[in-house]
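One structure is given below, encoded as structure tokens.
The values are calculated or read from the model by the stated rules, or taken from the named source; none is laboratory data. These numbers come from a predicted model, not from an experiment. Using ideal geometry, Cβ is built from the backbone for each residue, glycine included, and neighbour counts are taken over all protein chains shown. Only protein heavy atoms, including side chains, enter the accessible area calculation; ligands, DNA and RNA are left aside. Shrake-Rupley method; radii C 1.70, N 1.55, O 1.52, S 1.80 Å.
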Amino acid sequence: MKALILAAGRGERMRPLTDRTPKPLLQVRGKRLVEWHLEALARAGVREVVVNTAWLEEQFPTALGDGARYGVKITYSFEGRDHGGALETAGGIAKALPLLADSPGSAFWVVSGDVFVPDFTFPADAARAFADSDALGQLWLVDNAPHHPAGDFGITADGLASRDAAPRLTWASVGLFRAALFADIAVGTKLALRPKLELAIDQRRLRAARYDGRWTDVGTLERLAQLQSPQT
């Protein structure tokens, strides 16, 4: 199974650091944020990774190369070069789809390049179970952080994502998706992911699971500074 690392965002709240460095290339404990994902994916047996880029995108091939040092092959999806800027999450996935999937039934990992999830293992058994199901997506949810107290979704008794089930939790920006969910998006369209998740919920085809490991949305300079402590 292949994986997509979302790395196209501008990172406005992380300025001035992101004026010169894309947020996924900022370092936490001596490693770039994106490198934590690349190493974890390699340990899980993922060998092909797509990185989508837009802001300061020329820095990614320079920093990461072809992925050989991490045990993977990296292919880049250049949204800035091809479309003038980032296409948001669903638009970015649609743009990268030819690099990720060879049929509507193909499944792949997606993880945001600006979250710190050092304990997440990209479990192969979960990937196999998802690929064998009829689900369009599976999300991993975490406890709500102070900056996002309302959460995103709940989990039903049968393991589906829900708008109404309690407690509401926050999507960790890690998930499995099927190509069919994005096949109707024209390449170059700027589109958020939420409408596609809502569609999958309405079809009862969006799974959800709880993740209890360490997780941080590295969205501010303060959170980045807090992560530099090994105890975080």
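Observations, loosely collected:
- Extension gain for D66 to Q226 (0.36 nm times residue separation, less C-alpha to C-alpha distance): 54.5 nm.
- Our coupling estimate for segment 54-69, obtained by passing each phi through the Karplus curve with A = 6.51, B = -1.76, C = 1.60 and θ = phi - 60°, is 8, 5, 6, 5, 5, 6, 5, x, 5, 7, 9, x, 8, x, 4, 5 Hz, Gly and Pro reported as x.
- A DSSP coil position with no more than 10 other Cβ atoms inside 10 Å describes the following trypsin sites (Lys or Arg not before Pro) in segment 7-73: R20.
- Residues A129 and R81, FRET efficiency given R0 of 45 Å [Cβ-Cβ distance, rounded to 0.05]: 0.75
- Amide H partners (placed H, <5 Å) of R207, local residues excluded: L136, G137, Q138, L139, A161
- Charge dipole magnitude, Cβ of K and R +1, D and E -1 - the chain, Cα centre, debye nearest 20: 300 debye
- Taking 14 Å as the cut-off, the amide N atoms of segment 93-123 that come nearer than this to a point 7 Å along the Cα-to-beta-carbon line of Q203 belong to 104-107.
- Reported to the nearest whole Å, the Cα centre-to-centre distance from segment 92-110 to segment 11-28 is 27.
- Contact order normalised by residue count of segment 6-148, Cα under 8 Å, 6+ apart, percent: 27 percent
- Magnitude of the charge dipole for segment 7-107, about its Cα centre and with charges confined to Cβ atoms of Lys, Arg (+1) and Asp, Glu (-1), is about 440 debye.
- Theoretical ellipticity at 222 nm over the chain - DSSP helices of four or more residues, -39500 (n - 2.57) apiece, nearest 500: -7000 deg cm²/dmol
- Solvent-accessible surface of protein heavy atoms, probed at 1.4 angstrom with all chains present, puts E88, E222, E35 in the order E222, E88, E35, largest first.
- Heavy-atom accessible area ranking, 1.4 Å probe, most first, across W171, W109, W55: W55, W171, W109
- Largest first, the residues E48, E39 sort by 1.4 Å accessible area into E48, E39.
- A simple count of charges around S106, restricted to other residues whose Cβ falls under 9 Å of its Cβ and scoring Lys, Arg +1 and Asp, Glu -1, yields +1.
- Once the Kirkwood radius over Cα pairs is known for segment 121-232, the Stokes-Einstein relation at 4 °C and 1.567 mPa s delivers a diffusion coefficient of 84 µm²/s.
- Model label points for R47 and L17, set 7 angstrom from Cα along the Cα-to-Cβ axis, are 3.5 nm apart.
- Within the shell defined by Cβ-Cβ distances under 10 Å, the residues around L181 carry a net charge of +2, with Lys and Arg each +1 and Asp and Glu each -1.
- For the chain: rounded, prolate or oblate by the Cα gyration tensor [a/c cutoff 1.5]: rounded
- Of the residues Q27, F153, S103, the one whose Cα sits farthest towards the positive end of the charge dipole of the chain is Q27 (charges of +1 on Lys and Arg Cβ, -1 on Asp and Glu Cβ, taken about the Cα centre).
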